[in-house]
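The values are calculated or read from the model by the stated rules, or taken from the named source; none is laboratory data. Since the structure is predicted, the reported quantities are computational estimates derived from the model, not experimental observations. Heads up, the Cβs are rebuilt from the backbone with ideal geometry, glycines too, and the neighbour counts pull from every protein chain shown. Calculation scope for accessible area: heavy atoms of the full protein, side chains included, ligands and nucleic acids excluded. Shrake-Rupley method; radii C 1.70, N 1.55, O 1.52, S 1.80 Å.
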Amino acid sequence: MATKLAADCIFCKIIKGVIPSSKVLETNLSYAFLDVQPLSKGHVLVIPKHHAQFLHQVPDEHLSDLLPVAKKIATALGAENYNILQNNGSLAHQAVNHVHFHIIPKPNQEEGLGIRWNTQKLSPEELQNILEKVQNQL
């Protein structure tokens with residue numbers, strides 16, 4: 001599958017070599033590099049060589065390459081604890097409008113990703129309605 005890159009995207013420019021990066025790993029469909037504003041040492045970004053803002057817009061062929069790349073990098077980092085993070089849209093904290101996965105080592109409580117998990121209490125009926133809605137769309 002041919003790559004689709006955008007002229008005005010910082011990550012597409014990194015893939016094309018227009019903007020320098022600390023490349024960790026590259027395949028025909030994915031590109032991984034060190035984050036320049038890391039949350040911890042070894043923070044890596046893995047991106048598809050296909051410009052899309054949202055995960056559901058990335059061709060399956062590219063998606064099936066991204067996670068094995070992330071796994072190889074997580075293994076190579078040797079971190080006992082780490083996060084794999086992927087955000088979609090500004091409300092979900094996506095800062096660059098190109099799909100990307102963060103691999104963030106969590107060596108201690110101070111470094112790495114901090115998460116606030118705001119849970120909701122839903123009734124069995126609400127859960128059932130959500131389940132049916134999703135299943136009907138599949």
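Here are the numbers for this structure:
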item: Only one of ASP60, ASP65, ASP8 that is closer than 13 Å to PHE101 by Cα and of a type outside the set (A, V, I, L, M); result: ASP65
item: First in the stretch 77-106 and among the hydroxyl-bearing types (Ser, Thr, Tyr), second anywhere and open to solvent by less than 30 Å² (accessible area, probe 1.4 Å) and assigned to a helix (DSSP H, G or I), Cβ under 9 Å, 6 or more apart; result: TYR82/ALA74
item: Test: residue in the stretch 96-108 that is surrounded by 15 or more Cβ atoms within 10 Å (Cβ to Cβ), out of contact with any Asp or Glu (no Cβ under 7 Å at 6 or more places or on another chain), farther than 21 Å from CYS9 by Cα and polar (S, T, N, Q); result: no
item: Residues of the stretch 118-138 classified as in a loop (DSSP other than H, G, I, E, B) and within 30 Å of HIS62 (Cα to Cα), total; result: 1
item: Residue among GLN86, GLN137 that alone is polar (S, T, N, Q) and touching a strand residue (DSSP E or B) at 6+ places or on another chain (Cβ under 8 Å); result: GLN86
item: Residue within the stretch 111-126 that is open to solvent by less than 90 Å² (accessible area, probe 1.4 Å), under 17 Å from the mean Cα position of the chain (by Cα), touching a residue at least 60 places away in the same chain (Cβ under 8 Å) and farther than 21 Å from ILE14 by Cβ present; result: yes
item: Number of positions in the stretch 7-32 that are within 18 Å of the chain's Cα centre (by Cα) and either surrounded by 12 or more Cβ atoms within 10 Å (Cβ to Cβ) or under 14 Å from LEU45 (Cα atoms) (or both); result: 18
item: Flag if ALA74 is of a type outside the set (S, T, N, Q) and assigned to a loop (DSSP other than H, G, I, E, B); result: no
item: Residues satisfying the stated conditions in the stretch 1-53, i.e. touching a residue at least 12 places away in the same chain (Cβ under 8 Å) and of a type in the set (S, T, N, Q); result: THR3, SER21, SER22, THR27, ASN28, SER30, SER40, GLN53
item: One residue from LYS71, LYS49 being more than 15 Å from PHE11 (Cβ to Cβ) and either open to solvent by 100 Å² or more (accessible area, probe 1.4 Å) or not small (Gly, Ala, Ser) (or both); result: LYS71
